Every structure is written in structure tokens, then in C-alpha cells.
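Working notes for the structure below.
The values are calculated or read from the model by the stated rules, or taken from the named source; none is laboratory data. As the structure is a computational prediction, the values presented were derived from the model and not from experiment. Here the Cβ is made from the backbone with ideal geometry for all residues, glycine too, and neighbour counts use every protein chain on show. SASA here: full protein model, heavy atoms, side chains in, ligands and nucleic acids out. Shrake-Rupley method; radii C 1.70, N 1.55, O 1.52, S 1.80 Å.
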Amino acid sequence: MKFSSKNILALFVVILQACTIDSNISERDYPVIKSLGIKDLNESGVNIDFMIIQNTSSTIESYGVQYRAIEKEGSANISIPEYFFYEEITGKPQGNPLSIRLQYDLIPGLTYFARPFVRSGSQMIFGESFNFSSLGVKGPEITSVSESKLFRYHSITIEGNFFSRKPENNILDFGGLEAYFNFRIMEATPTKLVVEAVRNSSLISSSGQEFDLKISVNGKTAILKEAFEIGIPNILTVSPTQLSVGENITIELSYLIEMESTWYLIDANNIDYRIPTTINESNKVVGEIPNMPPGKYKLAFRIQNYSEINYEKEIIVNDNWVSSHENIPRIVEGYYSNFSTGNDILTYNYGIYFDIHVFNLAGNSMSKLADFPDDGRGRAFYALSYMPKDNKLYFGLGNQNDFPNPPINYSDFYRLDLVSKNWEQLPNFIEGPNAVKFSFEYDGKLTFVFYNRSNFYFFNPALKIWEDSGIQVPIEIKNATNILSNDGTIFFPEINSNVLKLFSVKIGQSPKLLGEFSGFYDQGYLWSIISFGNSIFLAKGNKNIFEYNLADERIKPVQGISAIFREEAKFYKDDNNLYLGFRDYAYYDDQFRLFKFVR
């Protein structure tokens, strides 16, 4: 048996009407609906009229009209849609008869099935249904968009009216933004569309262009002019425009960057130096000038898939090192070690020449100071420390390894008056393993860390007596490669996993991490550490230089020395200046020079 489309349509309507509660049956405890008809069918929609007959014992939560198309667009075949549309009003109606206008989601030329309903408790009561041929609804209207500047990822809310509740019925045209963003409708209501915008990989070469938004629903279109622009902020101001490595630069933008950006200073040879930045205020970025050569630079920032944005004015990075001493006199190349003693640099050899010289920073001259004491020549791991308090040099202890024979331990101890140039023998230390790892001044006493003794030991220079502190040396100091004692605190660096860490400790307490600096790649042991002013300075050669400010408790980079010399160097100082230059066992000509640090 064959059925025509009209037979099937009639059968479908009968089935739907069979589900309607009969309003002629009395004594019900729920409301019933009397369908009255349709009216005002035109190109803006249609009205469905009905009455609700309510029993005094029944309640009404909401009421409205349920509808859907029963013909497939472009075909005479019956189609069962995925879902019904609803025009629903919450609450109890205030009068009768009622008229609800269907003004959304009506496609012209299609036949629609519609019926009024009431929700009462767990029940949904329907009235008789109507069929009508749609003439369509009003075209879409756009009133606003939630975000107009687009960066990388956005959830855009488009507000207006007469949108389709079926996402695929809303045809969106972003005026060319589709070349740079992928769009997808996430939510659709008659008055709101929520659209996901995700940046794609196309390169954007300029900003400032504006894009129209066009929305078409069932052949009718609305346009919101200049609805969007690709958001790339402009650099408004930079302060300061002349500064040093480690100082902060503040950049004011036209608006906040809502995506990850990378800031650079770029030199004349197009070599760039990345600036680590943080957001300070709603439209300001603060960056720290990294270790980089002095000179004039272009400030720029880069965002993935966007062209580089530049600042129109030059940024000047100061030169923080000036050459102060060239061609420092040398004794014998490759055999002498050095450290600061007041306003001079003491240079010495213990092992071949057993002599001590002093380089005067003010006069740029080298002169012999003294020879080491005769006893114990050939010793290793000895103590050699300068005490600023009494302007004397202390020397002694240590051992001599004569493998396979047992080591010879030395307990003799001396001090050299740098003015009279005379040695004084001091009381011997206790017998035993006297190999010294570190010796330094701490609270007016000469303090010792031994390789094979667990405690700190003191020598009181005023009383000329030795003391066992009874305090164990922390393992971190035992493992340290270099330490500094400054105003009752011991400082020492630790370098591993490409991270420089600076620790401090007071005798009798546990070490405390002061700060760290990551991203450099020198794991060497030849670090120099010195105190100057209110800071602790650390250096490995002429490139990796850092400063820890004791006041603001911050570690930051210091500019490397652009005038190349061998990548091993030491700090020195006098009363007014900090220097970096020739290292222990300097050999090459370009090592025998000093550079002065200037702010």
C-alpha cells in the first residue's frame, strides 16, 4: 500500500493530537487548554490564541506554545526535526484569552505544527494543535559585541534580537577576520550568540584595521559596522630611556596585552636581547635590563603570528665598566695569586718563589713586600688571610702530602705587619689534621674551616689564643667552592642546573637562601665573590656577573665587560671603587688589566 505525503502528514498530526488532554472532560485536578486559533500571520511571525481553564486546586508553573516545522525545506517530504522550539512564559497567566506570538525560527514557505501548553507540577498539558504555512520572521538585529579588540582566544557575546536558536541557521561573516581567527558558535538564543574566536597561524602585519560583523538568518541580514579590530597595543611611553643593566624599564601601552608577548632590545646588527617583564598596572609593563653590551638599541615586542612592534625612540644602555689599569706589572707570568688588602692588591707565590708583592692601585706600581717564613715550605691547604682591623696578613697551618708516606701536618702560625713588613710568630695551633679549606675574619676573629675537623675554630688576634667554637660547620659551607665573610654573616654561592643561588649563614645557624638567578650556562668553579657598598658581587669571568643588594634583598645581573679578556677574573676593591680584572695565575697579556665599575 502506498501513502502520499498528505496521508503521512495527516497521520502525524493525529498522533500528536492524541497526546492532548481533552478539555471537555470535567472534574480534573489540573488545568485544561482550549485552543482558539491563529491570527496575524505575516512576515514577522504568527500569533497563537488559546484559553486556560484552571481548576481551583491546580497550579501553573508556566505556559506557552510548542512548535516545529513538519516539512523539510526545499522538499514536500515530511521531516521530524531534532527538537521543538518553545515560546514559554514563567508564572501564572493574569487573564484570558491568551495570545503568544511566534517571532523566532520560522522559515518562509515551511509548514509548522504548533500547540499551546501548560506546565502544572510534573505534567505538561497541551491544547489542540494548528498547522500553518510560515511567511518568516523579522531579520536579525545586532546591538553590541562583548569584545571588540581580538588577540588570541576569546569568547565573544553578540547581543541583539531575532537570531536563530539553531546555531547552524546563523550565518556569521566577520569581514575578513576569518583569515586570522577560527570562529565557532558555542551558544545560540534569539537575543544572544556566544562565539569562540581562536587565533590561527596566519601572520598579521599591521594593526588598526577595523572589521564589520554581518549576521544572516534565513536570508535576512544585519550588519554592525566596525565591530572588531585586531588588538595590537602601541607603545606610548618608556621610562627611563637611558639606564644600566639590572635596572628596571617601565613601558606604558595603549592597552593591556592579553596574550604572551616577548620584549627585546635590538642593536644595529639586529642582535636582540630579551627583557624579562611583568605587568605592573593595567596598561604598564616593567622589564629588567639583562646582561648586554652598552650602546643604542631599538625597543620592540613580539607576539606569535604578529609582526614586530617597535618604539620610535632609541634606548641607551650605559657602559658600567671602564678600563682603569692597563699593563699591570707582573712578577713571573702564571705563578702568582692575588687578593685585596685595603687600597692595594697583594700578589703572592707560595711553592716556587715564596714571596709576596703588593700592587698599589693609586700609583699603578708593584713592589716586593716580604718573603714567606722559612718553616713549612712545600705545605698545601694553608691559611692566608688579611685582617682589615689590624692591617695584618695571617699565614700558616696546612699539611704536606708525601704519598705513600703519611701527610705532614703543620701547626705553626704567623702574621705579617704590612707597614713594618715584619713577621711575627704566633702560638701554634693544636696538632692533628690541619688542612685549611677557608680562613676569614668573623666578628673580629680569624675563623677557620678545616677539611678534616667538624667545628669552626677561632684565633683571637688581640689575645693571641686559639678557640674551639664547639659549633659544627654546616655541610653547605664544607661543600662550597668560595665564601665571603661580611659584617658577621657568611655568604656563599651554589651553582647547579643552570641556576646560581646565593646563601647566607651566621655561625650557629642554618644557611638561608637569599636569591637565585636562572638561565645562564656556566657551571665552572672559579667564581669570585666580594662585598662592596651595600651589595655582594659575584663573577665568573667577564660575562657572568651578579649583584645581591642587601637592602632590597634582590639578586640581579650586572653588565659583562665588553672589552674581551680571558674568561677568568677576580674582584678587587679600594675604599671608593670596585674592580674586576686579572685572575690568579694570570699569564696572557690581556689578563693584566683592571676595569672599574661605574653606576
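Which listed residue (ILE545, PHE503, ASN486) has the Cα farthest towards the positive end of the charge dipole for segment 458-599, taking +1 on Lys and Arg C-beta and -1 on Asp and Glu C-beta about the Cα centre?
Sorting the options by dipole projection puts first ILE545.
Among THR262, ASN291, TYR112, flag the residue with its Cα farthest along the positive direction of the charge dipole of the chain, charges on Cβ as +1 for Lys/Arg and -1 for Asp/Glu.
The residue sitting farthest along the positive end of the dipole is TYR112.
Restricting to DSSP H runs of at least four residues, report the calculated mean residue ellipticity at 222 nm for the chain, -39500 (n - 2.57) per run over all residues, nearest 500 deg cm²/dmol.
On the way: 2 runs with 18 residues, N = 599.
Mean residue ellipticity, 222 nm, calculated: -1000 deg cm²/dmol.
Quick check: at a probe of 1.4 Å, how many percent of the accessible area of segment 177-233 sits on carbon and sulfur atoms?
Details: 1200 of 2690 Å².
With neighbouring chains kept in place, the figure for segment 177-233 is 45 percent.
What relative contact order, as a whole-number percentage, does the chain give when Cα pairs under 8 Å and 6 or more residues apart are counted?
Relative contact order, the chain: 7 percent.
Write down the accessible area per residue of the chain in Å², having rolled a 1.4 Å probe over the full set of protein chains. Before the final figure, lay out each step's value.
Details: 29040 Å² over 599 residues.
Heavy-atom SASA per residue in the chain reads 48 Å².
State, as an integer percentage, the relative contact order of segment 413-469 based on alpha-carbon contacts under 8 Å between residues 6 or more apart.
22 percent
What do you get for the angle between helix 5-18 and the principal long axis of the chain? Use alpha-carbon atoms, 0 to 90 degrees, nearest ten.
Taking Cα atoms only, the helix is inclined about 80 degrees.
Place +1 on the Cβ of every Lys and Arg and -1 on the Cβ of every Asp and Glu in the chain, take the dipole about the Cα centre, and give the residue among ILE530, SER337, TYR153 whose Cα lies farthest towards its positive end.
TYR153
Kindly write out, for segment 361-372 in residue order, the coupling ³J(HN,Hα) from the Karplus curve 6.51 cos²θ - 1.76 cosθ + 1.60 (θ = phi - 60°), rounded to whole Hz, with x marking Gly and Pro.
Per-residue couplings from phi come out as 5, 6, x, 6, 10, 10, 9, 6, 9, 5, 9, 5 Hz.
With +1 on each Lys and Arg Cβ and -1 on each Asp and Glu Cβ, and nothing else charged, work out how big the dipole of segment 162-235 is about its Cα centre, in Debye to the nearest 20.
Working: 8 positive and 9 negative charges, 60 e Å.
That gives a dipole near 280 debye.
So what's segment 454-599 giving for Rg/Rh, alpha carbon basis, Kirkwood Rh from the mean inverse pair distance? Don't skip to the answer; put the middle values down first.
Working: Rg = 16.5 Å, Rh = 16.6 Å.
In segment 454-599, Rg relative to Rh is 0.99.
Scan segment 242-336 for GluC sites (Glu not before Pro) in coil per DSSP, keeping those whose Cβ has at most 15 other Cβ atoms within 10 Å, and list them by number. Present the calculation step by step, with values, prior to reporting the outcome.
Details: sites: GLU247, GLU252, GLU258, GLU260, GLU281, GLU288, GLU308, GLU312, GLU314, GLU326, GLU333; in loops: GLU247, GLU258, GLU260, GLU308, GLU326, GLU333.
Within segment 242-336, the qualifying GluC sites (Glu not before Pro) (loop, at most 15 other Cβ atoms within 10 Å) are GLU247, GLU258, GLU260, GLU308, GLU326, GLU333.
5 Å is the cut-off here: which amide hydrogens, built 1.01 Å from N in the peptide plane, fall below it relative to LEU426, excluding neighbours closer than 5 in sequence?
HN-HN under 5 Å from LEU426: PHE413, TYR414, ARG415.
Give the average over all directions of the projected area of the C-alpha convex hull of the chain, one decimal, in nm².
Numbers: hull surface 191.2 nm².
Hull-based average projected area comes out at 47.8 nm².
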